[in-house]
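Presented below is the structure to which this report refers.
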Amino acid sequence: MNNSESNTNNKNYYSNVVKVQGSPYDIQVSFYRRIIEDSEGREETPSFRDRFLATITMSYQHAKEFNNILTDIIKKYENDFGEIITPSKLKTLERANKKNV
């Protein structure tokens, strides 16, 4: 049995906000879940609140290996299903379309 199987405090989270900080020695990755605040029927722009979930601290070496693993998994996904359009890529495409109109 490995450590993750023997630890009864394991938790799974869904995160849609990540904040990264670095020091000379390590990197901290903090995960949050953005929640829309209830506007109580008002038709104004909704407000958001970021609920803290967890922070993972790792060495730069570990972070680089983690980055390589994520990059490989994302490349495989995109090969199977097509390019993932991120919000920043979407904004670039929208600007390019406006110029062409």
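When T92 is tested against (1) modelled with pLDDT under 85; (2) surrounded by 10 or more Cβ atoms within 10 Å (Cβ to Cβ); (3) in a loop (DSSP other than H, G, I, E, B); (4) not basic (K, R), just one condition goes unmet, and that condition is (3).
Taking segment 63-82 as the range and being of a type outside the set (D, E) and either under 17 Å from V29 (Cβ atoms) or in contact with a Gly (Cβ under 7 Å, 6 or more places away or on another chain) (or both) as the test, the residues that pass are A63, K64, F66, N67, N68, I69, L70, T71, I73, I74.
Say we look at segment 48-89 and pick out the residues that are assigned to a helix (DSSP H, G or I) and of a type in the set (F, W, Y); which of these is nearest to S15 (Cα to Cα)? Among residues in segment 48-89 that are assigned to a helix (DSSP H, G or I) and of a type in the set (F, W, Y), the one nearest to S15 (Cα to Cα) is F66.
Selection of segment 54-101 for residues being hydrophobic (A, V, I, L, M, F, W, C) and either free of Cβ contacts under 8 Å to residues at least 12 places away in the same chain or touching a Pro at 6+ places or on another chain (Cβ under 8 Å) (or both) yields F66, I69, L70, I73, I74, F81, I84, I85, L90, L93, A96, V101. Of all residues in segment 14-50, which are at pLDDT below 95 and more than 20 Å from P87 (Cβ to Cβ)? Answer for segment 14-50, where residues must be at pLDDT below 95 and more than 20 Å from P87 (Cβ to Cβ): E37, D38, S39, E40, G41, R42, E43, E44. Evaluate the following for I85: is it modelled with pLDDT of 95 or more and in contact with a helix residue (DSSP H, G or I) (Cβ under 8 Å, 6 or more places away or on another chain)? For I85, the condition - modelled with pLDDT of 95 or more and in contact with a helix residue (DSSP H, G or I) (Cβ under 8 Å, 6 or more places away or on another chain) - is not met.
Selection of segment 1-13 for residues being charged (D, E, K, R) and at pLDDT below 85 yields only E5.
The values are calculated or read from the model by the stated rules, or taken from the named source; none is laboratory data. Please read all numbers here as calculations on a predicted model, not as lab measurements. Note: ideal-geometry Cβ built from the backbone for every residue, glycine included; neighbour counts use all protein chains shown.
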